[in-house]
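The values are calculated or read from the model by the stated rules, or taken from the named source; none is laboratory data. Fair warning: this is a prediction, and the values are worked out from it, not measured in the lab. Reconstructed Cβ throughout: ideal geometry from the backbone, glycine too, with neighbour counts over all protein chains shown. Remember, those area values only see protein heavy atoms, side chains included, never the ligands or the DNA or RNA. Shrake-Rupley method; radii C 1.70, N 1.55, O 1.52, S 1.80 Å.
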Amino acid sequence: MKIYYSLQTHNANDFTAFLLQQPVQKTLGTTLSSTRRSHARKRSSQLFKKHTYCYVPLIKNLEAILSNDKLREALLQSTCKRTDGKLEFLQDGVVLSHHPLFAGDGHTLELILYSDEIELCNAIGTRVKKHKLLMFYYLISNLPKKYRSGLDMINLFAVVRSEDVSIYGFDMILEPLLHDLKKLSVPAGHPIHLNDGKTILIRASLVAYVADNPAAHQAIGLKESVGGAFRKCRFCHADYNAMQNGFREEEFEPRSLERHLEQWNVINEAPQALKDHYKTAYGINRKSILTEFPHFDMFKQTPADVMHVLLEGVIPLTLQALIKYYIKTKKTTLATINKGIKDFQYGYMEANDKPNLIRETDLRGSSCLNQDAAKSYLLLRIFPFIIGDGIIFSDNHWELYTLLSEITEICFASVLSLETIAQLKEDIAEYLRLFKELFPDQPFTPKQHYLVHFPKIIILLGPLINLWAMRFEAKHQYFKELKKIMNFKNICLSLSRHHQKKAAMHRSAESVFKDKEYGPVRHPQGEELSQLKERISSTLAIDITSIHGLEAFKWIKLHGTKYMEDECYLALQFDDEDHPVFGKLSGIFELNISFVVFDVICLETVGFDETLKAFQVRSQASGLTPVTPDMLITHTPLAIYTYHGSSYIKLKGSISDLKDS
């Protein structure tokens, strides 16, 4: 159903029409709710409860999205493939390189589907699951990378109560998506009718399904309890004992779609008494609807998520083991570590992710160390600076830390070469071997085992950072905030309607991409203005007479990334030794209301400290150098750390393969 609404803007007389795609409510089934007795009529009546969920039809929603000129241009004209053999986009991976819809000409949209459960009201006691929902989102990853992290770019597909999924199954929820994808997967394309009356032919394919490990197993049809299942991995047939002794992927028998369907046929045709035996032996619960999705191989295109595997699994588990060892051997104390966490000089970009203090109970129980994903990542990065001075940086225990750091930075790289992927494979094998040697009484967890599959996943689908769940999970907060204003009688319908109205208003805005946000502004005058114009003109080869307006800002946000004057450092270029050259951001300017320029003071890169996994830098005689954001190696603002009188900068994600990009 297409409904046109009018949205009142700042001008009371100005109205903007926009296209709203309403959600569709679908019935899963009906159950007996209660029996009511009428004393007047002396008979009983039965009350039935209808179980429903809501979804947003894919094709209709694409019509609304592509009706926006700027969104359509961004989605259909962006470059999504490299030609130098490096991997940056999904289409650089083996899967899409051999995908029939991406091999020829035409517009093919890449859909990344995500599912996750949320508890809307954080209830306790017997009501803890009353408002537990299973959410389905999708991202069209053809968008230029700078726009993908915006939450408005993540689209809603479906909302369903978790208790209904347990009753009616998972596959019914995805039936409408399968129906639309079959239409969109024809080689000639499917007609998409735009708001202005035009029609374009579009193809689309599900290229990846992202979820945490239990949700991914549920979607595929494998045993959902990863810890309790006999076959714990969705990428191979490893059992518990095999996981403890294998350090490389080739040591395990891989799963495949063909073998999976053969195993399901064995289960399906087996006598009832043997079905459970085969389900346990193969680790299969059911035949998933994902086997019917066109051009989709669920064992190649359901990747492990770096957030759940690394940030919420391997990193805190490894740091916990190292901290316990260092405390036991009296090389440090928990008080020393907590003092380091408390007193550490965090950058403004790290303030919200400051690690929590570690309690003694955190070293005995769960391996999360009382940290969430972002806090675990920051704790790993600052670990050398807070652990204390009694640590021997040349022993095998510290080697375990450096290996984990290298693995993490490669996994968070935006561009990867085949050589770097090969190095990742070796680092993972050595990490697992060394962990087993140092902590023989601590068995590998399934998440540690998943590391062996990371290199192949990158080969198949490109860098893991393109497929992580962090931004999808951030979308949950919008729905949690709606609980203050929404109707709980039909919670799925209320949530999906609110979301679709917001999405329509976003598409109707003058700019669908929030390119810039500004801090306090000032207007340079006189000699300062003249020097600025001269410096910018000579360095960036801009005609000085074309610089009409120039404003200076205390901070600016570009595509969601915040840069603050005098409080962050930028990676500018590579020097002759292939080390990055860093600069302190000392001025933020905008020319002619559109062109952003940074003034930086360049630092000298002394070298890379293998122990701290950081670049040592120092001041040098350098004037102000204007650069534009597009000239940076990476757009991530960085903090500077002081350790034993020297200054260090740690990158977020490996940049070694950006040198020739």
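Structure summary
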read-out	value
Residues of segment 534-574 satisfying the condition of being surrounded by fewer than 19 Cβ atoms within 10 Å (Cβ to Cβ), under 13 Å from THR625 (Cα atoms) and touching a strand residue (DSSP E or B) at 6+ places or on another chain (Cβ under 8 Å)	ARG535, THR539, LEU540, GLN573
Checking ALA208 against (1) under 18 Å from GLN448 (Cα atoms); (2) out of contact with any Lys or Arg (no Cβ under 9 Å at 6 or more places or on another chain); (3) modelled with pLDDT of 95 or more, the condition it does not meet	(1)
Cβ-Cβ under 6 Å pairs, at least 6 apart or on other chains, segment 26-54 side modelled with pLDDT of 90 or more, far side small (Gly, Ala, Ser) and not in a strand (DSSP E or B)	CYS54/SER496
Verdict on PHE383 being in contact (Cβ under 8 Å) with a residue 60 or more places away in the chain and open to solvent by less than 30 Å² (accessible area, probe 1.4 Å)	yes
Residue count for segment 558-585, restricted to those that are over 20 Å from GLY653 (Cβ atoms), within 26 Å of the chain's Cα centre (by Cα) and of a type in the set (Lys, Arg)	0
Residue satisfying all of: in segment 200-227; among the β-branched types (Val, Ile, Thr) and within 30 Å of TYR240 (Cβ to Cβ); nearest to the chain's Cα centre (by Cα) among these	VAL210
Segment 325-351 - residue that is closer than 19 Å to ILE391 by Cα and among the aromatic types (Phe, Trp, Tyr) and, of those, least open to solvent (accessible area, probe 1.4 Å)	TYR326
Meets criteria (in contact with a Lys or Arg (Cβ under 9 Å, 6 or more places away or on another chain) and acidic (Asp, Glu)) for GLU590	yes
Some residue of segment 165-184 being open to solvent by 30 Å² or more (accessible area, probe 1.4 Å) and assigned to a loop (DSSP other than H, G, I, E, B)	no
Selection from segment 381-434 of residues that are among the small types (Gly, Ala, Ser) and more than 25 Å from ILE459 (Cα to Cα)	GLY388, GLY390, SER394
Qualifying positions in segment 580-594 - crowded, with 17+ Cβ neighbours inside 10 Å and either in contact with a Ser or Thr (Cβ under 6 Å, 6 or more places away or on another chain) or among the hydrophobic types (A, V, I, L, M, F, W, C) (or both)	VAL581, PHE582, LEU585, ILE588, PHE589, LEU591
Residues satisfying the stated conditions in segment 445-468, i.e. buried (at least 22 other Cβ atoms within 10 Å of the Cβ) and outside any helix (DSSP H, G or I)	GLY462, PRO463, TRP468
Residue satisfying all of: in segment 604-627; outside any strand (DSSP E or B) and open to solvent by 20 Å² or more (accessible area, probe 1.4 Å); nearest to ILE655 (Cα to Cα) among these	LYS613
Test: residue in segment 497-517 that is in contact (Cβ under 8 Å) with a residue 60 or more places away in the chain and acidic (Asp, Glu)	no
Residue count, segment 290-312 (criterion: open to solvent by less than 10 Å² (accessible area, probe 1.4 Å), within 27 Å of GLU175 (Cβ to Cβ) and part of a helix (DSSP H, G or I))	1
Criterion: under 18 Å from PHE553 (Cβ atoms), in contact (Cβ under 8 Å) with a residue 24 or more places away in the chain and not in a strand (DSSP E or B) - qualifying residue of ILE593, ILE588, ILE633, ILE601	ILE593
Flag if LEU424 is touching a Pro at 6+ places or on another chain (Cβ under 6 Å) and either of a type outside the set (Val, Ile, Thr) or not in a helix (DSSP H, G or I) (or both)	yes
Single residue of GLY197, GLY150, GLY189 found to be farther than 30 Å from TYR278 by Cβ, surrounded by fewer than 22 Cβ atoms within 10 Å (Cβ to Cβ) and within 24 Å of the chain's Cα centre (by Cα)	GLY150
Yes/no for PHE615 being within 29 Å of GLU551 (Cβ to Cβ), at pLDDT 95 or above and out of contact with any Asp or Glu (no Cβ under 7 Å at 6 or more places or on another chain)	no
Whichever residue in segment 208-250 is over 13 Å from GLY283 (Cα atoms), in contact (Cβ under 8 Å) with a residue 40 or more places away in the chain and charged (D, E, K, R) and, among such residues, is surrounded by the most Cβ atoms within 10 Å (Cβ to Cβ)	ASP212
Qualifying positions in segment 503-530 - surrounded by 13 or more Cβ atoms within 10 Å (Cβ to Cβ) and assigned to a loop (DSSP other than H, G, I, E, B)	ALA509, VAL512, PHE513, LYS514, ASP515, GLY519, PRO524
Any hit, segment 469-483, residues being polar (S, T, N, Q), without any contact (Cβ under 8 Å) to a residue 24 or more places away in the chain and surrounded by fewer than 19 Cβ atoms within 10 Å (Cβ to Cβ)	yes
Residue tally, condition among the small types (Gly, Ala, Ser) and either in contact with a strand residue (DSSP E or B) (Cβ under 9 Å, 6 or more places away or on another chain) or in contact (Cβ under 8 Å) with a residue 24 or more places away in the chain (or both), over segment 326-373	4
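Every residue, every condition in (1) outside any helix (DSSP H, G or I); (2) among the small types (Gly, Ala, Ser); (3) within 20 Å of the chain's Cα centre (by Cα), yes or no:
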| site | (1), (2), (3) |
| --- | --- |
| ASN61 | no, no, no |
| ILE65 | no, no, no |
| LYS70 | no, no, no |
| ALA74 | no, yes, no |
| CYS80 | yes, no, yes |
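Per-residue answers, yes or no, for (1) under 25 Å from LYS26 (Cα atoms); (2) in contact with a Cys (Cβ under 7 Å, 6 or more places away or on another chain); (3) modelled with pLDDT of 90 or more; (4) of a type outside the set (Val, Ile, Thr):
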{"site": "SER67", "(1), (2), (3), (4)": "no, no, yes, yes"}
{"site": "THR79", "(1), (2), (3), (4)": "no, no, no, no"}
{"site": "THR108", "(1), (2), (3), (4)": "no, no, yes, no"}
{"site": "SER115", "(1), (2), (3), (4)": "yes, no, yes, yes"}
{"site": "VAL160", "(1), (2), (3), (4)": "yes, yes, yes, no"}
